[in-house]
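The values are calculated or read from the model by the stated rules, or taken from the named source; none is laboratory data. The model shown is predicted, which means the values in this text are computed figures rather than measured ones. Reconstructed Cβ throughout: ideal geometry from the backbone, glycine too, with neighbour counts over all protein chains shown. Areas reflect the complete protein model, heavy atoms only, side chains present, ligands, DNA and RNA absent. Shrake-Rupley method; radii C 1.70, N 1.55, O 1.52, S 1.80 Å.
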Amino acid sequence: MNLNTQPIGQTANFVRAQKPFFWVIVIWMLCFFYYAFIASDRYAPEVQVYVKSVKMQQTSELSALSILTGTAAGTSDIALLQSYLHSHDLLMILDKRLGLRAHYESDEADFLSALPHGASEEDFLEYYRDHVEMEVDDTSGILSIRAQAFDPEYALELTRQLLIEGEAYINKVGQDIAVKELRFIEGELDRSRLELQQRQRELLSFQSEYQTLSPEAEGAAFQQVMSGLKAELVRLRSEEKVLTSYLNERAPEVVSMRARIKAIEEQLTQEQDKLSSNPANGKTLGEVNLDYKELELKLQFAVDVYKSAFALLEQTRVDAYRKLKHLVVVQAASLPEEAAYPRRTYMLLTIFVLLTLAYGITALVVATVREHRDV
C-alpha cells in the first residue's frame with residue numbers, strides 16, 4: 001500500500017506545482033486565439049511632411065543656434081501642426097466630413113479594437129489620438145503621420161484630409177498674423193494721411209490770412225531793403241558833410257540833399273514800424289515768422305510720418321507673403337495592401353515574455369514567503 005501511495009502523492013504535488021505556469025499558457029493561448037482569429041486588421045498609410053516657409057533667409061545667430069541645439073528652424077511650426085492634428089476641433093471636422101465616429105464604432109471591427117458605442121467626447125478624442133500616430137524627427141523637422149482605420153481606402157482618405165486641414169491651418173495662422181499687421185499699418189497710414197491734410201489746410205489758411213507765401217522769404221527781402229536804405233542813408237549823410245563844408249546851408253544842393261536824407265529816414269521809420277507790429281493782428285513780423293515756421297515744421301513732420309507709414313505698409317505686405325507656409329510632402333501616402341496593425345507576432349511575443357516575467361516574480365515571492373514561514 002505504501003509503495004502505491006507515494007508515486008500518486010508525488011504526481012499530485014508536481015501537478016499542483018505546475019498550476020501557475022499552466023495559467024500562463026492558458027492566458028497566452030487566449031491571446032493567441034484573439035490575435036489569430038478575432039483581432040481586426042487596421043490599415044495605416046504613412047505620410048511624411050515638412051512645414052516650409054516662403055522666407056528662407058535666417059540670421060546667422062538663429063542658424064548657429066539651430067546647429068548647436070540640433071533642432072531645425074521649423075520645429076515650432078511642426079509642433080503647432082502636431083497639436084492641431086490631435087485637437088478636438090479637427091476631430092469634429094473629420095467626423096462631420098468622413099463620419100469618423102461611425103467608422104470606429106463599426107460592427108465589422110472586433111469588440112476590443114472598435115470604439116465603444118455611446119463613448120463620450122473625451123473617450124472619442126483619446127481613441128482618435130491613439131489611432132493617429134505622429135512622430136517628429138528633431139534633426140530634419142519631418143513629421144511622420146500614420147492614421148489607422150479598418151478599411152484601406154478609408155485610411156487613405158483620412159490621411160489626405162489630415163494633410164488638407166493641416167496645411168489650411170498652418171496657412172491660416174500665418175495669414176491671420178499678417179492680416180492683423182496689415183490692418184494696423186493701414187490704420188496708421190490713414191491717420192497720418194488725415195494729419196497731413198490737416199497740416200496742409202492750416203498752412204494754407206495761415207498764408208491766406210497774412211497774404212504771404214513765405215514770411216521767411218519776405219523777412220529776408222525786408223532785411224535786404226533795410227540794409228540798402230541804411231547804406232544809402234550813410235552815403236547821403238557823407239555827401240551832406242562834404243557839401244556843407246564849402247556851401248551855404250541854403251544852397252540848393254544842400255537843401256536837396258537834406259530832403260533826400262529826410263525821405264530815406266521816413267522810409268526807414270515806416271519799415272521799422274512794420275517790423276515791430278502788424279496792423280492786422282498786432283503781431284510782429286518776427287512772431288509771424290515763428291508761427292509760420294512752427295506750422296511748416298508740423299507739416300514736414302506729418303509728411304515724414306506719412307512716408308514712413310507708407311514704406312512700412314509696403315514692407316509689411318512683403319513680410320506677409322514671406323510668412324505664408326505650406327506643407328511639403330516628403331513621402332506621399334499610398335493605398336495600403338497589407339494591414340499595419342495589429343502586429344500579431346510582436347504582440348504575442350511581448351505578452352509571453354511579460355507573463356513569464358510575472359510568473360517568475362510571483363513564484364520567487366511565494367518561495368521567499370514559504371522559506372521564511374518554515375524558518
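Before we move on, is Arg160 in contact with a strand residue (DSSP E or B) (Cβ under 9 Å, 6 or more places away or on another chain), charged (D, E, K, R) and in a helix (DSSP H, G or I)? Break it down into steps so the answer makes sense when it comes.
Values: in contact with a strand residue (DSSP E or B) (Cβ under 9 Å, 6 or more places away or on another chain): yes; charged (D, E, K, R): yes; in a helix (DSSP H, G or I): yes.
For Arg160, the condition - in contact with a strand residue (DSSP E or B) (Cβ under 9 Å, 6 or more places away or on another chain), charged (D, E, K, R) and in a helix (DSSP H, G or I) - is met.
When you check Glu181 against the structure, is it acidic (Asp, Glu), at pLDDT below 90, touching a helix residue (DSSP H, G or I) at 6+ places or on another chain (Cβ under 8 Å) and over 17 Å from Leu327 (Cα atoms), yes or no?
On the way: acidic (Asp, Glu): yes; at pLDDT below 90: yes; touching a helix residue (DSSP H, G or I) at 6+ places or on another chain (Cβ under 8 Å): yes; over 17 Å from Leu327 (Cα atoms): yes.
It is true that Glu181 is acidic (Asp, Glu), at pLDDT below 90, touching a helix residue (DSSP H, G or I) at 6+ places or on another chain (Cβ under 8 Å) and over 17 Å from Leu327 (Cα atoms).
Name the pairs whose Cβ atoms lie under 6 Å apart, with the first residue in region 309-321 and closer than 10 Å to Glu188 by Cβ and without any contact (Cβ under 8 Å) to a residue 60 or more places away in the chain, the second in a helix (DSSP H, G or I) and open to solvent by less than 50 Å² (accessible area, probe 1.4 Å), and 6 or more positions between them or separate chains?
none
For Phe150, work out the one condition from (1) among the hydrophobic types (A, V, I, L, M, F, W, C); (2) within 22 Å of Ala168 (Cα to Cα); (3) in contact with a strand residue (DSSP E or B) (Cβ under 7 Å, 6 or more places away or on another chain) it doesn't fulfil.
Failed condition: (2).
For region 291-331, enumerate the residues that are touching a Pro at 6+ places or on another chain (Cβ under 9 Å) and open to solvent by 70 Å² or more (accessible area, probe 1.4 Å). Reasoning before the result, please.
Residues of region 291-331 that are touching a Pro at 6+ places or on another chain (Cβ under 9 Å), as a first pass: 291-293.
Listed by number, the list holds a single entry, Lys293.
Please verify whether region 323-330 includes one or more residues that are part of a loop (DSSP other than H, G, I, E, B), touching a residue at least 60 places away in the same chain (Cβ under 8 Å) and closer than 30 Å to Asp151 by Cβ.
The answer is no, given that none of the residues of region 323-330 is part of a loop (DSSP other than H, G, I, E, B), touching a residue at least 60 places away in the same chain (Cβ under 8 Å) and closer than 30 Å to Asp151 by Cβ.
Within the set of pairs 6 or more residues apart or between chains, which connect a residue that is farther than 17 Å from Gly228 by Cβ inside region 251-273 to a residue that is surrounded by 15 or more Cβ atoms within 10 Å (Cβ to Cβ) and among the hydroxyl-bearing types (Ser, Thr, Tyr) with Cβ atoms less than 7 Å apart?
Val254/Thr244
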